[in-house]
Structures are given as C-alpha cells and as structure tokens.
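The values are calculated or read from the model by the stated rules, or taken from the named source; none is laboratory data. Quick caveat: nothing in here was measured; it's all calculated off a predicted structure. FYI the Cβ positions are ideal-geometry reconstructions off the backbone, even for glycines, and counts take in every protein chain you see. Accessible surface areas use protein heavy atoms only, side chains included; no ligands, DNA or RNA. Shrake-Rupley method; radii C 1.70, N 1.55, O 1.52, S 1.80 Å.
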Amino acid sequence: MIFLRAAALTSLFACTLALRPAPADQNTGKVDSTEDIDRSIKAGDDFYHYANGSWLKTAAIPAGQASYDTRSILLAKTTQRVRDLIQQAAATQPAKGSVAQKVGDYYASFMDESSIEAKGMTPLADEMAVISAINSKKSLSAYLGTTLNSEVDGLTGNADHVFGAWVNQSCTDSQRYVFHLLQGGLGMPDRDDYLDQSPKMAALRDQYRSHIAAMLKLADIDDVETRAARVLALEIQIAQAHAPDADAADVFKQNNPWKRTDFVTKAPGIDWGAYFQTAGVSEQPAFIVWQPSAVTGTSALVRSESVDLWKDYLRLHLIEHYASVLPKAVSAEHFAFYGTRLSGMQQAPDRSQDAIAATNAALGQAVGQLYTQRYFPPEAKARAKAMVSDLIAAYRARIPNLTWMSPQTKQKAMAKVDALRIGVGYPDRWIDYSTLEVTRGEAFGNMRRAESFNRLGNLAKLNQPADPDEWRIDPQIVGAVILFSPNTETFSAGMLQPPFFDPQGDLASNYGSAGAGIAHEISHSFDELGNIYDDQGRLGSWWTADDLAKYHAAAEKLVAQFNGYCPLPDLCVSGRQVLTENIADLAGLLTAHDAYVLSLKGKTDVVIHGLTGEQRFFLAFAQRWRKAQSEATLRRQIKTDIHSPGEYRSDTVRNVEAWYKAYDVIPGDKLYLRPEDRVGIW
Ligand SMILES: [Zn+2]
C-alpha cells in the first residue's frame, strides 16, 4: 500500500523513545553564502536577520506548501537527482544483473501501464486460489503466516496485514537481533479511524465500506455490499484490540518478551505452529510482542469469526496491497480512497512519482549505490568522517567538565560516547541484490520478489550476530536515523550535501551547519531522552537522582530565555515545551565550535569574503535555521512543535562566548546577555 509505505520512508526506526524525525531536527542551511546577509542590521542586535535578511526578502513560499527553507531546496534537488538516475537506468541497457539493470527494469515495469492493463487481475490468480482453498482455522493460520512481512518498524506504522515483523537489536541486549511482532491488519491507518464515534469518522467508515465493496467488485466477487459490511465490522474489532499509536513509542509498554510456547496460552485462536511455520520463523524460540492486546485480540477473532469472512478480508487486503501494479481501475479506486479521501489529494500524482517511490522502497540500497557513485564519492565520506571524529573528540573533552553530572555518571557518559557508532553517507557494505531477479515487464512479479527478498534478508539476521554498523536509511533520502538502542546514528548522503555540508567547501561553514546538526543529535544520547539507555543501548537509567535534579536546575535559565521570545503579539514561545531541543541546540553549537577549533590544529583560519572562520562558523549556524512560513504555520509550530521557530534556534549563539568575540557584540546590543545570564548546561 503505497501511501502508508511512503510515510514510513521518512521516519525513523527504533525501539526507543528517541525516534527523531529528521525533517524537524535537521533543518539545513546555506553554508557558504555571504550574499544572503543583510548588512544594514547589526549582528549583535538581530543575528538571524543579519544572517538571512537578504534571503528572506526574496524567499517565496511555493504554491501548495506551507513553508519554505533550504531544506525544501535540498529535498527538491535530491528528488530530481534520484528521478534522473532511475530514469536513466531505465532508458539505457545496463549490464544484466547489475544494480542499475534492476533499478531501471523495476521502474520501467512499474511504468508499463499497457502491460499491466493487458494482464488484468491474472497476477493475483494464484494467490486468490490459495485463499479460496482455505478451509479450516489451521489453513487460515498458515496463510496468515505467509502474509507476515517486514516493511514495518517500531513506530512508523502498522502493517497493512495481520501482524508485521521487525527484526532489530534487542532493547536489553544489543548484541543480538530479536523478532518484534507488531500489530497490523487495518486498512485505514489509524485505530481511531475505526473507533471514533464522531459523525465525521462515521462518514469516513461509510466511505471505506463503499471502497471495500468497489475493490471486491473489481476482483469479480459477488454480493459485495454484504461482504464489505462484514469486513469493515471485522476490522473494527481488530482496531478495538490494537494499542493506541502513541503507545508504540513507549518502549516500557511495548518491550514484552513472549516465548514461542506462550502464544498458545496467551493468544489462543491462531494455530501458532502453522503460522510460524509458513512465516519462516518456526525455529525462533522467543519474540518481543510489541502490542500484546493486538496479538491476543486478533488471534481470538481467528477463533470466533468464520473462515469465509476471513477469506473476504484476505482477498481485499491482497488487492489493496498490490493495487499500484494492477489495472488502472484498481489503482484509481485505491487512490480515490487513500489519496483523495484520506490524504486530501485532488489529483493522483504523476505515475512516475509512484514508480520512483516504489523503486526506492523495493531497491533502496541499489538506488543508493547509483546515487552515491555520482553525488557522494569516497572523498566526501572521508570529509564527513573527519568532522564526526572531531565532534566525538570535542564531546570527550567537554563531558569531564559538566557541572551537573557526578563523577561516576561522567564515566558512564564517556563509555557511551566511546561506544557510539556514527555512519555518514552510505554503508561500508551494501546489500547484495544478486539473488533478486528483476524482469522488465513484470511489475507485479518484481514487487512480490522484492518483498520476499527484503523479508528473507531481515529474517536471516536472526541467525547472525548483531551488526553494529547496520545501515538504516537509504543514502538518497534527506534524513538521519538516531537510535539509542543500539547506540548508533546514521546521516544519509542526501543530507550531507550543500548547502548543509559541502565536501569541497569551507570547514568553518560545514562545522557551523552540519557539524552543529550532528552534534545536536549526539547530545540526545546524554540528555533526558538518552539517559534511559546505556552505552550498549540497553534499557536502564544511568543518571543519578542528583544528576537529574542538577540538570533540571541548570535548564531553568534556558526556559526563561525562550519564554521571552514573542514572535506574534498574542503568542510567545513556551520555553518548557521546547526545552529538550534547545538544550540539544546549545550542546550542538558549543561542541561543534570546539570541533571546529580542533580541526584547525592550532592554525588561524583564512578570511573568505571578508569574514573570519569564527564569523563564518556562526553565520552558517544562523543560516541553517532560515525559513519562510505563513503566520498560520508559525502559530501552529509555537503551539505544538517541540522545536522553537528558527529565529530563536539561531539565537542560541547568545549563550556562546566565542560568538560575542566573533561579531564584537557588546553591552547595549539587543542580543547581548551578561555572562552570568548565559546558559551553560553544556
Ligand atoms: Zn533534537
């Protein structure tokens, strides 16, 4: 189901509270431009508008978007590059078996609508026959096992079939992989879509029921109205068993170990022997059940509801799942509900857009190889790695001086910073796609085979020791994945490009922009979020009560500082709401500055465009936060976002001594803070 899967792509994976959506955290900025400065403004009075004034005067929010920043530019640029690479692979004839051939043929097959049309519903025939042959709870259970797929992760979404598999390091032992069983089986994305009794949601369910009927009709099934009503009723019951989505982020609620033998007693209904056999995990002795109520409840429904009802449900989900590679009548009906009704899109995107998303989803690291070969060569990776090692060295020097951390906690923090694995750009070892066959003209077959390949690849990890350098985000995505368990961070090549990071560009700007961004994320390992995972990514607090109290006390000044920012006449920032992110911004800025100084190895930086290295460092930091946005989005951000508006994130510089020196900021300047009023948590 393409809409749900696309959402998962931009999110992060973790069995942790620390899922950090890269879009908000990793805003990007122009790193080497002095043209965007407004020299009529004194830096010490309004640093954000000094750094960005000229840019802000010309920045226009594109139609259909709520805001515009350099991240928008970066995303647009990367999207275009990925599109070009995939289309070029499709237009040429790369060597058979090469990743370019697979990428090109996957895309071309998806685009070949006439071939898809000509095949009609026959690609589903074999699978439909298997469903029709189900004649007992045992064979139903066995079939459900075959639908277990691994496209889900701990937080980003529920599987579109009964249960999803997520193979990841254990939250209590990062040395090994464990099988997490996740809730799934709903056609609509949210549990509340089924349970909310408001007229609006009741109307949505009516539309979903009509959609179910339409989909079943397209598969030549009779009596579709009655069947659709029953299938919807079944999904409502499944939804009742589901845990709320918010709970999925709470590892303390979701880290439930079940032995293989527990399923029979804790969740009677499904024939678990048959289920695990066909799912390919019959040898697996233990599982983590992410949402026990869903497993128990869904299993009970297998017992209580008729095999015939389940067969209709399975037929529906089979068609939905492959709608994008079935005839136009099917994909159009799918879009009418998921695109228009649920997502508010008036017009289906160009098919090529779906084809690119599908190719990325199926062959993420294959596209990633093509992308990095052209746009992120080994020299770029080496540059980024050097910066990361300076950041780590800076943290190692800074931690012993923290005033709020006790000596024994500092030892644990040092162990954690030593154990932290940071990946930049692309993996050292790529996924080997040699056993995945991609054949031009077989859109459905290619999707099936890719799903199976990715699922088997995930399940195979269960028999291997955990790979501490496992790569978790496709290089061509503009984003980052921060995991506390295991203790790893990954920054994609799509993010490490100008203006955020320029492999051939100015060091001072790189450290002020990308450096401060990466250092921000590292700091979360040591703050209230990261405090519940140790150096090995095991669940368990490592701060003392005294550390926590001192940390909170030190943070109060920062709360007050941000409470004082009022971008709208009737609305001020809530310092408490944005505190955790502000602390990370401060830690990131201070540490990135240390790292920048380290990178100079005692030399003085050159002057470029009339700016010293120190000036360019802070300028890049402020330019990273530029954003054009409507008042409505600004208002919503202030009310709901845990990140402050960019202007005030940029004003973090007020707490940093080096900024005062770099820009000669003195008492009387509007941003000037007396030394005793500056915040020094880090
Ligand atoms: Zn953050």
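Within the stretch 663-682, the set of residues being of a type outside the set (D, E, K, R) and either open to solvent by 20 Å² or more (accessible area, probe 1.4 Å) or within 16 Å of the ligand (Cβ to nearest atom) (or both) comprises Tyr663, Ile666, Pro667, Gly668, Tyr672, Leu673, Pro675, Gly680, Ile681, Trp682. Could you count how many residues in the stretch 180-213 are under 21 Å from Ser299 (Cα atoms) and either of a type in the set (A, V, I, L, M, F, W, C) or part of a helix (DSSP H, G or I) (or both)? Of the residues in that region, 8 qualify.
Here's the yes/no breakdown for (1) open to solvent by 30 Å² or more (accessible area, probe 1.4 Å); (2) touching an Asp or Glu at 6+ places or on another chain (Cβ under 9 Å); (3) of a type in the set (Lys, Arg):
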| site | (1), (2), (3) |
| --- | --- |
| Tyr371 | no, yes, no |
| Tyr375 | yes, no, no |
| Ala384 | no, no, no |
| Asn401 | yes, no, no |
| Gln411 | yes, no, no |
| Thr435 | yes, no, no |
| Arg440 | yes, yes, yes |
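Given the conditions (1) open to solvent by 10 Å² or more (accessible area, probe 1.4 Å); (2) outside any helix (DSSP H, G or I); (3) out of contact with any Gly (no Cβ under 6 Å at 6 or more places or on another chain), which single one is not true for Ser174? The single condition Ser174 does not satisfy is (3).
Can you tell me how many residues within the stretch 367-392 are out of contact with any Leu (no Cβ under 9 Å at 6 or more places or on another chain) and under 18 Å from Tyr107 (Cα atoms)? Qualifying residue count, the stretch 367-392: 2.
The residue that is farthest from the ligand (Cβ to nearest atom), among those in the stretch 624-638 that are charged (D, E, K, R) and open to solvent by 20 Å² or more (accessible area, probe 1.4 Å), is Glu631.
Answer with yes or no whether Asn463 is crowded, with 17+ Cβ neighbours inside 10 Å, more than 16 Å from the ligand (Cβ to nearest atom) and among the polar types (S, T, N, Q). Spelling it out, it is not the case that Asn463 is crowded, with 17+ Cβ neighbours inside 10 Å, more than 16 Å from the ligand (Cβ to nearest atom) and among the polar types (S, T, N, Q). Mind checking whether some residue in the stretch 15-32 is buried (at least 21 other Cβ atoms within 10 Å of the Cβ), at pLDDT 75 or above and of a type outside the set (Val, Ile, Thr)? No, because not a single residue in the stretch 15-32 is buried (at least 21 other Cβ atoms within 10 Å of the Cβ), at pLDDT 75 or above and of a type outside the set (Val, Ile, Thr). Would a scan of the stretch 261-268 turn up a residue that is in contact with a Leu (Cβ under 7 Å, 6 or more places away or on another chain), surrounded by 15 or more Cβ atoms within 10 Å (Cβ to Cβ) and either in a loop (DSSP other than H, G, I, E, B) or on the phi < 0 side of the Ramachandran plot (or both)? For the stretch 261-268, residues in contact with a Leu (Cβ under 7 Å, 6 or more places away or on another chain), surrounded by 15 or more Cβ atoms within 10 Å (Cβ to Cβ) and either in a loop (DSSP other than H, G, I, E, B) or on the phi < 0 side of the Ramachandran plot (or both): absent.
In the stretch 633-650, the residues that are without any contact (Cβ under 8 Å) to a residue 12 or more places away in the chain and farther than 17 Å from Leu671 by Cα never reach a residue that is more than 15 Å from the ligand (Cβ to nearest atom) and open to solvent by 30 Å² or more (accessible area, probe 1.4 Å) with C-beta atoms less than 7 angstrom apart, at least six apart or across chains. Within the stretch 33-84, being open to solvent by less than 70 Å² (accessible area, probe 1.4 Å), of a type in the set (Asp, Glu) and either within 21 Å of the chain's Cα centre (by Cα) or at pLDDT below 95 (or both) holds for Asp36, Asp69. Just wondering, is there one or more residues in the stretch 536-548 that are within 16 Å of the ligand (Cβ to nearest atom) and closer than 27 Å to Gln365 by Cβ? There is no residue in the stretch 536-548 that is within 16 Å of the ligand (Cβ to nearest atom) and closer than 27 Å to Gln365 by Cβ. The residue list Phe562, Phe617, Phe621 contains one member that is away from the ligand (no atom under 16 Å from the Cβ) and either outside any helix (DSSP H, G or I) or under 31 Å from the mean Cα position of the chain (by Cα) (or both), which is Phe617. Screening Leu529 on (1) under 30 Å from Phe252 (Cβ atoms); (2) at pLDDT 95 or above; (3) within 16 Å of the ligand (Cβ to nearest atom) shows it passes everything except condition (2).
Counting only strands (runs of 3 or more DSSP E) that sit completely within the stretch 398-516, those holding 1 or more residues that are among the aliphatic types (A, V, I, L, M) correspond to 421-425, 480-483.
Leu590 - would you say it is hydrophobic (A, V, I, L, M, F, W, C) and open to solvent by less than 60 Å² (accessible area, probe 1.4 Å)? Criteria met by Leu590. Being closer than 28 Å to Asn255 by Cα and among the basic types (Lys, Arg) is a description that applies to Arg538. The requirement of being open to solvent by less than 20 Å² (accessible area, probe 1.4 Å), within 14 Å of the ligand (Cβ to nearest atom) and not in a loop (DSSP other than H, G, I, E, B) is not satisfied by Thr580. Taking the numbered list (1) within 24 Å of Gly53 (Cβ to Cβ); (2) touching a strand residue (DSSP E or B) at 6+ places or on another chain (Cβ under 9 Å); (3) without any contact (Cβ under 8 Å) to a residue 24 or more places away in the chain in turn, Gly540 passes all entries but (1).
The set of residues in the stretch 583-610 being away from the ligand (no atom under 16 Å from the Cβ) and of a type in the set (Asp, Glu) consists of Asp594, Asp605.
Of all residues in the stretch 639-654, those satisfying the criterion of being at pLDDT 95 or above and either outside any loop (DSSP other than H, G, I, E, B) or away from the ligand (no atom under 16 Å from the Cβ) (or both) are Gly646, Glu647, Tyr648, Arg649, Ser650, Asp651, Thr652, Val653, Arg654.
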